[in-house]
Amino acid sequence: MALFWLITAILLPIAGGALLPLFVRSRRAVCLWTFLWTAVTSVLVWLLILYAPDTPLPLVHFTERLTFELQFDGLGRFFAGIVATLWPLTVLYAFEYMDDDPRQGVFFAFFTITYGVTLGVAMAGNIFTLYCFYELLTLSTVPLVMHTRTRDAVRAARTYFAMSLGGAAFAFISMIYLVMGQPEVPGLSSQLFFLCGFFGFGVKAAVFPLHLWLPRASVAPTPVTALLHAVAVVKAGVFALIRLLWCGYGPAAIRGTAVHHIALCFVCFTILFGSTMAVREQHFKRRMAYSTVANLSYILFGVLMLNVRGLQAALLHMAFHAEIKVLGFFAVGSVMHHTGRSYLSQLAGLGRRMPVTFGCFTVSALALIGIPPFCGFVSKWSLLRAAADTGTVTILIGAGCLLISALLTAVYCLTVVQRAYFPDNASDLSGLGDVREAGPLMLVPMVILAAAVLLTGLFSGRILDRISVAIRLLSRW
């Protein structure tokens, strides 16, 4: 029975998305259909999080070692909870954003399918099943990246697809070793195969130099960008790397080895690189995309501490960054959609005409910097505490990178806030007569997320307790 409900949770949105173009024609019906399938799926996922068993549930046996199976362990429940909470809010936001799009039906079809595939990643019971859903995630999101069909969108989709396929090839090598080898035995072979998996899954986690697709994919509609850069794709990459290291190879096989230090070096460099590029970038949405590049490696830094406290901090930042960055992209998308302005030089004075939107962006910015009492402070503080407790030279250098990145984050976030609320010239306000605030379908999800960013910071202890339970229930593959 448990297997049936897990399969249903995955297939429900996939079926809803696939059937949408066949049975739905009017725009109102498209919205109603999409929200119904999404809401029912989210309710089902949360019921499974609360009540489903965490035992492996085999579905297909290809060979003795190669099986397709589902399992909803602590880590999978944690990731699925993030997805099931943020997806319905993004769908609501998308209704207004995509209202005038002539290909709205196609957009929401793939959007809904991607929900089911992402849940498949969360509910995978072994590395082979995870890999299958991980590849399907690429196929379901490429049409979303190129939805506008502009030259830039097509190029971005090609880059994303090519890099994802290349990364999948390396991840496949690591997956085969886990299925057929002995990853728990420390040795050179385990290290090399782990490195293949690290850079293979690292494409979606935007580890330098495999990050190139992420800023380019910002040409996609903002609901897609929010999910690509905060929930579905990039977090699936991080989730896969956590599975690879903690459930596949095991920390003992990697800790202190050359590949451990190599991975840490790439992660630390990515933190500094992403933050520096965000400071330099003048395009509003691409600036936030480079911020995502840096913050994903915050999470990987915690994972690569290879201790429970580091993993707790990483999962905390994984959850908090998701809500912070979705809120930030919602605000960015609202500005670009309702004003047609995309560059920082065009934002002067907009905070006075779009007070709710820029108020929500300010909350996101303060949380991203790590200002208390917002949730970003709690997760960054946890990462620094875990680094101090670990105490190795490489980890302490990484902690220094976090501090430098925090300063750079303040620069690239607060310059936007300053320009929006305090323009340099009074003449900047003269051309804002036609600027208006976003509609309720955009504003309500933003306000909810802004409140969540504050409340999850104030009550982070309960979330840490759930993370501790998730780690204790972490299964070994």
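Every number here is computed from the coordinates shown, using simple stated rules; none is lab data. All of these numbers come straight from a predicted model, not from anything done at the bench. Don't worry about glycine lacking a Cβ; one is built from the backbone with ideal geometry, like all the others, and counts go over all protein chains shown.
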Where nothing but the Cβ of Lys and Arg (+1) and of Asp and Glu (-1) is charged, how large is the charge dipole of the stretch 1-253 around its Cα centre, in debye to the nearest 20? 600 debye
Provide the net charge surrounding Ile82, with neighbours chosen by a C-beta distance below 12 Å and charges set as Lys +1, Arg +1, Asp -1, Glu -1. +3
Cα convex hull of the chain: mean projected area in nm², to one decimal? 20.7 nm²
Given a Förster distance of 51 Å, report the FRET efficiency between Phe422 and Leu188 from their Cβ-Cβ distance, rounded to the nearest 0.05. 0.35
So between Arg352 and Phe459, what do we pick up on full extension, going 0.36 nm a residue minus the alpha carbon distance? 35.4 nm
Determine, for His261, His337, the number of other Cβ atoms within 10 Å of each Cβ, and report the residues in order from fewest to most. His261, His337
Overall dimensions of the stretch 374-477 by Cα: Rg and Dmax, Å: 20.1, 62
May I ask you to compute the full-extension gain from Leu36 to Val447, defined as 0.36 nm times their residue separation minus their alpha-carbon distance, rounded to one decimal in nm? 145.8 nm
Pull out a ≥ b ≥ c, the square roots of the eigenvalues of the alpha-carbon gyration tensor of the stretch 255-477, then state rounded if a/c is under 1.5, prolate if not and a/b is larger than b/c, and oblate in the remaining case. prolate
Before rounding to the nearest 500, sum -39500 (n - 2.57) across all DSSP H runs of length at least 4 in the chain and divide by the residue total; then give [θ] at 222 nm in deg cm²/dmol. -25000 deg cm²/dmol
Taking amide hydrogens as modeled 1.01 Å from N in the peptide plane, which residues meet the under 5 Å criterion relative to Leu59, leaving out close sequence neighbours? Phe68, Glu69, Leu70
Here Rg/Rh (Cα, Kirkwood) for the stretch 1-253 equals 0.98
Within the stretch 75-174, report the trypsin sites (Lys or Arg not before Pro) that DSSP leaves as loop and that have at most 15 other Cβ atoms within 10 Å. Arg103, Arg149
What's the exposure ranking of Lys235, Lys204, going from fewest to most Cβ atoms within 10 Å? Lys235, Lys204
What shape does the stretch 176-286 have by the C-alpha gyration tensor, where a ≥ b ≥ c are the square roots of the eigenvalues, rounded means a/c under 1.5, and otherwise prolate means a/b greater than b/c and oblate the rest? prolate
